[in-house]
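The values are calculated or read from the model by the stated rules, or taken from the named source; none is laboratory data. Every value quoted in this text rests on a predicted model; they were computed, and no experiment measured them. Here Cβ is always computed from backbone atoms with ideal geometry, including for glycine, and neighbour counts include all displayed protein chains. Please note that ligands, DNA and RNA were not included when accessible areas were found on the heavy atoms of the full protein model with its side chains. Shrake-Rupley method; radii C 1.70, N 1.55, O 1.52, S 1.80 Å.
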Amino acid sequence: DPEGDILSYDFQYVNDTMHEPMLITIADVADTTVQVSGPLFDNCRYFWAARAFDGYEYSDWSESGSFWVNSANQAPGNFQALEPPWESQQPVYNMLPAFSWTTAVDMDPLDSAYYDLIIAADANFNFALTIDSIWGEEHTVTDSLEFGEQYWWKVRAVDNYGLSTYSENVRDFKTWKLGDVNANWTVDILDIVYLVNYKFKGGPAPTPMYSGDMDGNCTINILDIVYLVNYKFKTGPEPEVGCE
């Protein structure tokens, strides 16, 4: 102070996240250090500033500082594995499907989470494939799934400190069986009838069309019906993957 007056200080601090902003002032402090007047909110950012008083005039407020409060590290929050459009139809025809899920929010300041997608061939996840370190809420598999299989899947969110949370739900689906034209996950006489009705009686077309292409030559004709009959009743070869 130019006049050598004894100074006191006022401090102000305010929270900026999660809660209604609450400006708190601690006035007439004799020292340049002050303890806050009440407990701070956890996982919250605060801004603070100070000014001096010489008994006559106040200084300008100082430039503001900031800090985060994080009393204990927490795992990512709860989230859901979503039902993609392909999962609403049974069976699944896309052998490279995209899986998606909601965001797992980590309440810790400046923390973030990545995801592990876990796909299993059994409901207990004893035989599972884990695709790890996914930064985002969606992943398209790059290795083809197997035909005629049932799969279960879930997601694990992992934060920067290794704490993890699994999705609250587990989803499952079945991939289509070659030769299953009517999409009931069984290859039988009904599939032969379905193809006959389609080709000769104006019945509905297979959906998708390539599911009716038994010999994989990109057309559906009488040869595919014969192929399916031979497979079911004459130990003929299994249907081949049709082209789209």
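Extension gain for A49-T33 works out to 4.6 nm (0.36 nm per residue, less the C-alpha to C-alpha distance). Taking all protein chains together and rolling a 1.4 Å probe, V187 ends up with roughly 20 Å² accessible. Counting only DSSP H runs of at least 4 residues, each contributing -39500 (n - 2.57), and dividing by the residue count of the chain, the helix-based mean residue ellipticity at 222 nm comes to -3000 deg cm²/dmol. Put simply, when 28-37, 192-201 are sorted by average Cβ atoms within 10 angstrom per residue, most first, you get 192-201, 28-37. Apolar share of the accessible surface for the range 191-244: 59 percent from carbon plus sulfur atoms, 1.4 Å probe.
Using heavy atoms of the protein chains and a probe of 1.4 Å, the accessible area assigned to L96 is about 70 Å². For Y210, the accessible area of its heavy atoms, probed at 1.4 Å with every protein chain present, is near 40 square angstrom. Once you sort the root eigenvalues of the Cα gyration tensor of the range 181-229 as a ≥ b ≥ c, which label holds: rounded (a/c under 1.5), prolate (a/b larger than b/c) or oblate (the other case)? Since a/c stays below 1.5, the shape of the range 181-229 is classed as rounded. Roughly how many whole Å is it from the C-alpha centroid of the range 165-184 to that of the range 1-19? If you average the Cα positions of each part, the centres end up 63 Å apart.
Here the calculated FRET efficiency for A128 and Y161, from their Cβ-Cβ distance with R0 = 22 Å, stands at 0.35, rounded to the nearest 0.05. Please work out whether the chain counts as rounded, prolate or oblate from its C-alpha gyration tensor, where a ≥ b ≥ c are the square roots of the eigenvalues and a/c under 1.5 means rounded, while otherwise a/b larger than b/c means prolate and anything else oblate? Taking the square roots of the gyration eigenvalues as a ≥ b ≥ c, the chain is prolate.
Once the C-beta distance of S8 and F67 is scaled by a Förster radius of 30 Å, the resulting FRET efficiency is 0.80 to the nearest 0.05.
Partners of K232 within straight-line reach, counting lysines whose Cα lies under 18 Å from its Cα and excluding those fewer than 8 residues away in the same chain: K177. A crude spin-label estimate for the pair N78 and H19, with each label 7 Å from Cα along the Cβ direction, gives 2.4 nm.
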